[in-house]
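Visitor: First, the structure itself, so that you have it in front of you.
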């Protein structure tokens with residue numbers, strides 16, 4: 001038998017060590033005395049009894065002679081040439097069955113027979129079994145462990161060949177079975193007991209959820225053309241908060257206009273009457289509203305200054321409400337109601353977009369992303385029905401909740417858009433979708449420019465050594481106290497500072513909505529805030545798409561800092577969603593299976609993931625970790641499914657979940 005390294009405890013070696021320990025104590029020998037009798041180092045005995053290293057065959061013979069255990073039936077079993085290989089096979093078979101197996105439950109004679117049978121199945125190169133013979137032999141092995149035979153259909157599907165050339169080859173087939181099983185079942189035991197008893201048709205039915213879906217089921221539909229587009233500058237008319245803000249401002253302008261005209265009349269009636277005699281509450285209200293609308297009108301009377309009624313009238317006219325704003329909002333909301341009717345009467349609903357919308361940036365960010373996804377050449381021909389909340393309107397918030405609940409229930413999958421601030425409602429939507437067993441794609445923005453080589457996501461994946469090389473190349477000061485995020489922040493800042501003015505303006509135009517730059521600049525001093533808002537308005541509201549305004553030099557550093565701060569915020573969010581967010585895994589209520597989210601960082605990645613989910617062609621790999629089995633989606637590294645290795649937790653969960 002080959003020697004093994006000392007790195008980890010191996011159950012087979014530990015059992016041999018336990019037998020040696022029993023006989024050593026029976027002979028009243030210490031490890032050192034036993035080693036001296038053998039003429040070996042004490043380390044040989046120590047590592048054997050710890051289960052960490054197998055002695056050479058010569059040392060095993062010496063041990064048997066010194067301790068007089070050569071006739072012990074258990075010793076004959078554990079010193080069989082193929083004993084450790086049989087234990088390794090037993091471990092792999094245990095993982096397939098989802099149940100601990102132990103040949104020690106058999107008598108020594110039966111143990112020897114089992115080892116021989118295993119050797120014939122996975123080690124003996126001279127034996128070439130047919131599929132029928134291998135299936136029968138495998139079932140014989142199961143009998144040793146008290147397990148029922150598997151069907152030929154199961155054997156062909158998951159083991160798929162005659163006897164194996166090695167235990168490693170058999171283990172690879174076990175991993176294939178687990179990769180399939182974890183997609184449908186919450187435990188490998190449940191998967192094995194269900195599938196191993198299936199004949200061909202029943203097995204095909206059980207595995208049907210994993211079959212590839214033809215795109216024809218989508219392409220044969222009529223195109224999705226019932227939703228009326230709404231101009232991006234009018235999208236926030238459908239926002240409860242933004243529309244109410246316009247209405248409130250309109251009411252306040254009406255109030256200010258009326259009060260200013262009343263004040264002007266007061267001043268005109270008798271030029272000798274002091275403004276100080278005008279109703280103080282009204283005057284205070286006028287002053288408050290003038291400040292709100294950034295008016296320069298001074299209505300405080302002094303010894304050398306009298307308030308001019310004509311000036312008051314001119315300001316009243318300038319600040320008068322524009323009722324066409326309300327008319328525009330009503331028209332947009334009517335279009336949103338028509339779209340809602342179309343959504344409610346569509347025969348299909350494939351994708352639900354979960355998002356929070358308060359500001360204009362939210363509406364534009366969501367709508368731009370949605371249009372990018374569903375106009376993509378890979379997705380557009382599928383004629384998907386998708387609920388775009390930026391194009392829908394209903395006045396009653398209770399009814400709005402019912403609409404969203406219905407759309408969420410009907411949709412096959414959900415796309416969750418991570419934003420600067422997420423709401424309980426949006427988180428609940430993702431949780432409900434996961435609990436229904438539906439896929440959830442979480443899109444987290446990143447700072448990215450292919451042309452300029454800027455990518456916050458890839459930087460955060462770099463090793464710290466690579467980040468230090470980046471910093472050296474950019475001639476940045478190396479600070480030993482900087483963590484990964486700090487280094488990424490410095491690198492991104494340096495990259496943005498090197499951009500030409502037009503390139504930086506283009507980058508800001510691509511990211512302002514996702515990164516909520518309007519919200520970010522609220523932290524600036526008042527003068528800088530006004531200047532930054534004016535520049536952003538000129539950039540984002542301009543009619544000609546190619547003429548970008550130049551960023552004022554005094555704002556360059558400020559907006560670069562804001563971009564980098566937002567980028568780092570979203571990198572932390574992406575890590576949270578993938579590793580620690582409470583939504584990352586949710587139990588599918590009907591089956592008890594753990595369902596995980598898919599985190600994407602770009603529209604292109606979202607499109608690819610959407611296409612693979614719709615056609616059931618996800619690329620996955622199984623990761624076996626000390627505490628869990630995790631099914632990982634290869635492109636995003638996201639966890640799709642998890643099965644715990646904690647035996648008590650597993651037993652408790654599956655005995656009580658459906659109780």
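Here, each number is a calculation from the coordinates, and none is a lab measurement. Predicted model, so just to flag it, every value in this text is computed and none were measured. So basically every Cβ, Gly included, is an ideal-geometry build from the backbone, and we count neighbours across all protein chains shown.
Visitor: So for the pair residue 572, residue 308, with labels modelled 7 Å out along Cα→Cβ, what separation do we get in nm?
Guide: 5.3 nm
Visitor: Same structure, new question: Above 41 Å lies some portion of the pair distances; for the chain, what is it as a whole percent of all C-alpha pairs?
Guide: Cα-Cα pairs of the chain separated by over 41 Å account for 52 percent.
Visitor: Work out, in µm²/s and without decimals, the Stokes-Einstein translational diffusion coefficient of segment 431-477 at 10 °C, 1.306 mPa s, Rh from Kirkwood over C-alpha pairs.
Guide: Answer from the Stokes-Einstein relation: 117 µm²/s.
Visitor: Using Cβ contacts closer than 10 Å as the measure, can you line up 416, 155 from fewest to most?
Guide: Least to most surrounded, the residues fall as 155, 416.
Visitor: How do 356, 590 rank when sorted from fewest to most other Cβ atoms within 10 Å of their own Cβ?
Guide: So the residues, fewest neighbours to most, are 590, 356.
Visitor: For the chain, take the longest principal axis of its alpha carbons; what is the angle in degrees between that and the long axis of helix 280-292, to the nearest 10 within 0 to 90?
Guide: That helix lies at roughly 60 degrees to the long axis.
Visitor: Rg and Dmax of segment 468-572, Cα atoms, in Å?
Guide: Every Cα atom of segment 468-572 included, Rg and Dmax give 14.7, 48 Å.
Visitor: Above 14 angstrom, tally the Cα pairs of segment 395-443 and express them as a % of all pairs, no decimals.
Guide: 51 percent
Visitor: Roughly what angle does helix 309-318 make with the longest principal axis of the chain, taking Cα atoms, 0 to 90 degrees, to the nearest 10?
Guide: 40 degrees
Visitor: Given R₀ = 45 Å, what would the calculated FRET efficiency be for residue 221 paired with residue 199, taking r from the Cβ atoms and rounding to 0.05?
Guide: 0.80
Visitor: Which peptide among 507-514, 72-79 comes first, and what is the full order, when sorted by highest mean count of other Cβ atoms within 10 Å?
Guide: By packing density, highest mean first, the sequence is 507-514, 72-79.
Visitor: Tell me, what is the Rg over Rh of segment 11-78, with Rh the Kirkwood radius over Cα pairs?
Guide: Radius of gyration over Kirkwood radius for segment 11-78 works out to 0.91.
Visitor: Hey, what D do you get for segment 509-659 in µm²/s if you plug the Kirkwood alpha-carbon radius into Stokes-Einstein at 4 °C and 1.567 mPa s?
Guide: In µm²/s, the coefficient is 67.
Visitor: Right, something else. So what's the convex hull volume per residue for the Cα atoms of segment 155-208, in Å³?
Guide: Hull volume over Cα atoms, normalised by residue count, gives 76 Å³.
Visitor: Does a label point 7 Å from the Cα of residue 617, set along Cα-to-beta-carbon, have any residues of segment 348-377 with amide nitrogen under 16 Å, and which are they?
Guide: 377
Visitor: Please report the base-10 log of the normalised intensity I(q)/I(0) for segment 353-448, using a Debye sum with one equal scatterer per alpha carbon and no solvent, at each q in 0.12, 0.19 (1/Å).
Guide: Scattering profile of segment 353-448, log10 relative to I(0): -0.38, -1.01.
Visitor: Suppose the Debye formula is applied to equal point scatterers at every Cα of segment 83-209; what is log10 I(q)/I(0) at q = 0.16 Å⁻¹?
Guide: These q points yield log10 I(q)/I(0) values of -0.76.
Visitor: In segment 294-378, what is the volume of the convex hull around the alpha carbon atoms, normalised per residue and reported in Å³?
Guide: Output value, Cα hull per residue: 156 Å³.
Visitor: What's log10 of I(q)/I(0) for segment 92-131 at q = 0.21 Å⁻¹, Debye sum over Cα points only, no solvent?
Guide: Debye intensities relative to I(0), on a log10 scale: -0.81.
Visitor: Also, quick follow-up: If I take R0 = 60 Å and measure r between the Cβ atoms of residue 325 and residue 169 in this structure, what FRET efficiency does the formula 1/(1 + (r/R0)^6) give, to the nearest 0.05?
Guide: Plugging the Cβ-Cβ distance into 1/(1 + (r/R0)^6) gives 0.25.
Visitor: How big is the gap, in Å, between the Cα center of segment 629-644 and the Cα center of segment 185-255?
Guide: Between the Cα centre of segment 629-644 and that of segment 185-255, the gap is 21 Å.
Visitor: Here's a follow-up. Taking every pair of distinct Cα atoms and averaging 1/r, then inverting, what Kirkwood hydrodynamic radius in Å comes out for segment 56-152?
Guide: About 14.7 Å, per the Kirkwood formula over Cα pairs.
Visitor: Continuing with this model, one more query. Want the number for residue 469 to residue 484: 0.36 nm per residue separation, take away the alpha-carbon distance, what's left?
Guide: Fully extending the segment from residue 469 to residue 484 adds 4.1 nm.
Visitor: Relative to the first principal axis of the alpha-carbon coordinates of the chain, what is the inclination of helix 501-511, with its axis defined by its Cα atoms, in degrees from 0 to 90 and to the nearest 10?
Guide: The helix 501-511 is inclined about 70 degrees to the chain.
Visitor: I would also like to ask the following. If you count the DSSP beta bridges with both ends in the chain, what percent of them are antiparallel, to the nearest 5?
Guide: 55 percent
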